Amino acid sequence: YNILDKYTKRILAAGIAVLLTQCLRYYERQAPRIYLRNADIVKQMDTVLNHFFAAPQLYEGLPTVAWCAKQLHITPNYLGDLMRKYGECSAQEFIHDRIIQEVKGRLERDNSPISQIAYDLGFKYPHHLSRLFIKVEGCSPHDYRSKLTSK
């Protein structure tokens, strides 16, 4: 005695099709809300990093993708995906760019030694700042400061 005859299989397939259609319907209803919430991820990342740079001494080390994701209550992989989708770069590149913006601002505002700026922002060693600065800006922090004073 076979309970899975040709009609039972059709009924099961139709039931699964209805279930999948309902899932798609639910997803499409949620998509606009999810899009609006995720589209401002760059703004949210900027806010998190602004809080960090306002008082970097309260934190240990530099901001990382994992740290930012934790502040935003999402996973690091999801943050990376959102940044690639809605931003112009990866989450790591965004963080590096913001660090360099902060360093440039400090180089322009005061005459603190570059090593002090590095330690203040959470770098373990000043040469790590120099290496990142050269990678992003194409010149060392010292050269950047020299260009500012020669203007």
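Summary table below
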item: Estimated inter-spin distance, Val42 and Ser150, nm [label 7 Å along Cα→Cβ]; result: 3.3
item: Label point distance in nm, Lys135-Gln101, each placed 7 Å from Cα along Cα→Cβ; result: 1.9
item: Positive-end residue of Cys139, Gln71, Gln116, charge dipole of the chain with Cβ unit charges; result: Gln71
item: Derived scalar couplings ³J(HN,Hα) [the range 121-133; Karplus, 6.51 cos²θ - 1.76 cosθ + 1.60; whole Hz; x for Gly, Pro]; result: 7, x, 6, 6, 9, x, 5, 5, 4, 4, 4, 5, 4
item: Apportionment of accessible area to carbon and sulfur, the range 38-93, percent (1.4 Å); result: 51
item: Solvent-accessible area per residue, Å², over the chain with all protein chains present [probe radius 1.4 Å]; result: 70
item: Test item: Cα-centred dipole of the chain, Lys/Arg +1 and Asp/Glu -1 on Cβ, debye; result: 540
item: Tensor-based shape of the range 94-143 (alpha-carbon gyration tensor, a/c under 1.5 rounded, otherwise prolate or oblate); result: rounded
item: P(r) tail fraction, the range 68-117 - alpha-carbon pairs more than 14 Å apart, %; result: 61
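The values are calculated or read from the model by the stated rules, or taken from the named source; none is laboratory data. Since the model is a prediction, treat every value here as computed from it, not as a measurement. Note: ideal-geometry Cβ built from the backbone for every residue, glycine included; neighbour counts use all protein chains shown. For the accessible areas, the whole protein counts, side chains as well, though only heavy atoms, and no ligand, DNA or RNA atoms are used. Shrake-Rupley method; radii C 1.70, N 1.55, O 1.52, S 1.80 Å.
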